[in-house]
Amino acid sequence: MHMRLRRSTPGLPAVAATLLLLVASLVGSAIPAAATRAAAAAATPAAPAAEPWWRHAVIYEIYPRSFQDSNGDGTGDLNGIAQRLDYLQQLGVDAIWIAPIYPSAQVDFGYDITDYDAVDPMFGTLADFDRLLGEARRRHIRVILDMVLNHTSDQHPWFLDAARSGDSRYHDFYVWTAGKLDAAGHRAPPNNWVSLFGGSAWEFVPAVGEFYYHRFYRQQPDLNWRNPEVERAMFAAMRFWLERGVAGFRLDAVTELFEDAKLRDAPPLGGTNAQGDPNLSDIYTKNLPEVHDVMRRLRAMMDTYAGERVLIGETYLANTTDLDAWYGGARHDELQLPMDTLVGLGNRLDADTFRRRLLESQTELHHSQPLLVFDNHDNVRSWDRFGDGVHDAQIARIVAALLLTAPATALLYQGQEIGQRTATPTRVEDVRDPLGIRGWPRDKGRDGERTPMQWDGSNAQAGFSTTPHTWLPVTADYRSVNVQSEAADPESLLNWYRRLIALRRNNRALREGRMVMLDTANASVLSYARVSTDGETVIVSLNMSPQPQTPSLDLAQAGLRSSHPRTLLSSPGPLPHGDAKGPVSLPPYAVWIAELR
Ligand code: NOJ
């Protein structure tokens, strides 16, 4: 399941997030002690910390097709990622999450897996993966894999067998139904459910005389999580990677594992979505209570491995209360980092909304760790969603500052740190994402946010590849928007990210301090303090408006030691210090981060 965030209309009040894609037991044998120890060593590169490593981590998402091509075939690969580890280390990331690298039919670019225990030759070999893991570990970078539990490819041996005969031992691995007879006496799907990627969610297989369910493309049949064999098989796949030393998983579409056992019709909500299908309630296809039992067993399995392995969830939810359930509420026994604290936030850079969300994350998550995410490979980039066309560069700095100074684990997506833009295809014949091919022109797909990483100006492929035939075109602005030129410019967005990440790492208050909201009635400026247990205090003010603003921080009233603030970071340029009440004035979209001495 996922929600697609689309661009807001510059000059108009931003459009709320479009819910285009409402997409989305057994622990098995004990792990031999030696394997557990070996894996623990593998997954724990840095000295053990008092708190689990992921609590204050900066996690960096890599879309492997588009990160770095090492063999000149136009598609990124594992050796390419290894070549760029020094860059990631300098940036200051603690972990990388790599989108699926397993053998795949590549209909959904890796999210349709044909073998869970191997590497797609397009990306390299298992030996390449192990080498990458080792190289990352040397740089204190953990590796998190994407795990697709909801569905396999229709080319997976399980499904090929399941679709051959109702007697196959794998038949019950998937969700089958005979459907019903329509008015004309023809066999029809059992209900009105639609795929989040367009059309009916049911596909008829004549060989077995039944329909199978697919929440996503028809090439992605849903697994039947009511069958304990499925859980056993998928947990075994995860153990395969845990024992190699991965630090955890990002669980794809994990809210979608179960469907209503009675297959009841989904209540219509009125209107149609971008794929032209009726908008339907997802009460029977998403977030069913049974999923939490699986999550608890999965967490218990993860916890048998040393090294604080982490579960991140692709859990687009309606509100903070629903999000809390995915942590396991007060029990804290499900995912450590379900996505995410900014639920349903949409495109608006709005101080009140951010303030409310951050406060909720402090009060409604039973002290679980919030996770902040602005960008990924499924959504229009934050540069384009939040930008107003005039102050885009400054707005990108606000997004970075919020991501890295709020009390939360931070997840960023490749290219976000250099201000890569969304480059949506302009002609349907150029589209690679089937979603865009089917949905054109209402839905142009996700190619725009997946274009190759822009490394330098060394060739027309921005250093991503040596071949001009890259799987998606390199965006034309690569000559100015690239890692190399931004690294050389002290005022670049890249260096802003580097400074923020370094500050977050080295400053106790920013790392682990509690949050105190300041100036809470201010609709234009989001201000908060981070206060460590020993009283170190950092204040952050983000002017989310196109006008200059003078916040009233009134630290004494907030119970904070009121003293002269010293600027740690500010943008644009140095800002006047003001006094204990804060800066004199914040220019449009300014960021001010200061410590109290
Ligand atoms: C979410 C992934 O992020 C997206 O890219 C994919 O298409 C769907 N899940 C289906 O696996």
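The values are calculated or read from the model by the stated rules, or taken from the named source; none is laboratory data. Please read all numbers here as calculations on a predicted model, not as lab measurements. Please note: Cβ atoms are built from the backbone with ideal geometry, for glycine as well, and neighbour counts cover all protein chains shown. Side chains included, ligands, DNA and RNA excluded: accessible areas come from the protein's heavy atoms. Shrake-Rupley method; radii C 1.70, N 1.55, O 1.52, S 1.80 Å.
Candidates are the residues of the range 210-232 that are out of contact with any strand residue (DSSP E or B) (no Cβ under 7 Å at 6 or more places or on another chain) and open to solvent by 30 Å² or more (accessible area, probe 1.4 Å); the one that is nearest to THR152 (Cα to Cα) is GLN219.
Within the range 302-329, being touching a Lys or Arg at 6+ places or on another chain (Cβ under 8 Å), surrounded by 20 or more Cβ atoms within 10 Å (Cβ to Cβ) and not β-branched (Val, Ile, Thr) holds for MET302, LEU311, GLY313, GLU314. The residue list LEU263, LEU345, LEU251, LEU349 contains one member that is under 18 Å from the mean Cα position of the chain (by Cα) and part of a loop (DSSP other than H, G, I, E, B), which is LEU345. Residue count for the range 147-162, restricted to those that are touching a His at 6+ places or on another chain (Cβ under 9 Å) and among the aliphatic types (A, V, I, L, M): 1.
When the residues of the range 268-292 are filtered to those that are among the β-branched types (Val, Ile, Thr) and surrounded by fewer than 18 Cβ atoms within 10 Å (Cβ to Cβ), the one that is farthest from the chain's Cα centre (by Cα) is THR272. In the range 415-434, the residue that is farthest from the ligand (Cβ to nearest atom) out of those that are in a helix (DSSP H, G or I) and aliphatic (A, V, I, L, M) is ILE418. Could you list all residues from the range 96-117 that are of a type in the set (D, E, K, R) and within 12 Å of the ligand (Cβ to nearest atom)? Hits for the range 96-117 are ASP108, ASP112. Exactly one residue among LEU251, LEU280, LEU263, LEU269 is within 14 Å of the ligand (Cβ to nearest atom) and in the same structural domain as ILE144 (by TED's automatic domain parsing), and that residue is LEU251. The single condition from (1) within 16 Å of the ligand (Cβ to nearest atom); (2) open to solvent by less than 60 Å² (accessible area, probe 1.4 Å) that ILE437 fails is (2).
I'd like to know if the range 312-325 contains one or more residues that are more than 16 Å from the ligand (Cβ to nearest atom) and more than 18 Å from the chain's Cα centre (by Cα). Checked against the condition, which is being more than 16 Å from the ligand (Cβ to nearest atom) and more than 18 Å from the chain's Cα centre (by Cα), the range 312-325 yields at least one hit. Taking (1) within 25 Å of ASN71 (Cβ to Cβ); (2) open to solvent by less than 20 Å² (accessible area, probe 1.4 Å) in turn, GLY445 satisfies each apart from (1). Residues of the range 352-364 that are among the aliphatic types (A, V, I, L, M) and crowded, with 21+ Cβ neighbours inside 10 Å: LEU358 alone. Residues that are open to solvent by 30 Å² or more (accessible area, probe 1.4 Å) and of a type in the set (Gly, Ala, Ser) do occur in the range 374-394, at least one of them.
Within the range 183-207, the set of residues being open to solvent by 30 Å² or more (accessible area, probe 1.4 Å), under 30 Å from ILE437 (Cα atoms) and in a loop (DSSP other than H, G, I, E, B) comprises HIS186, PRO189, ASN192, PRO206, ALA207. Screening VAL390 with (1) out of contact with any Asp or Glu (no Cβ under 9 Å at 6 or more places or on another chain); (2) outside any loop (DSSP other than H, G, I, E, B); (3) β-branched (Val, Ile, Thr) gives one miss only, at (2). Given the condition assigned to a strand (DSSP E or B) and either more than 22 Å from LEU403 (Cα to Cα) or at pLDDT 90 or above (or both), answer yes or no: does some residue in the range 22-41 qualify? Yes, the range 22-41 contains a residue that is assigned to a strand (DSSP E or B) and either more than 22 Å from LEU403 (Cα to Cα) or at pLDDT 90 or above (or both).
Does ASN150 satisfy the condition of being among the polar types (S, T, N, Q), closer than 29 Å to THR255 by Cα and within 16 Å of the ligand (Cβ to nearest atom)? Spelling it out, ASN150 is indeed among the polar types (S, T, N, Q), closer than 29 Å to THR255 by Cα and within 16 Å of the ligand (Cβ to nearest atom).
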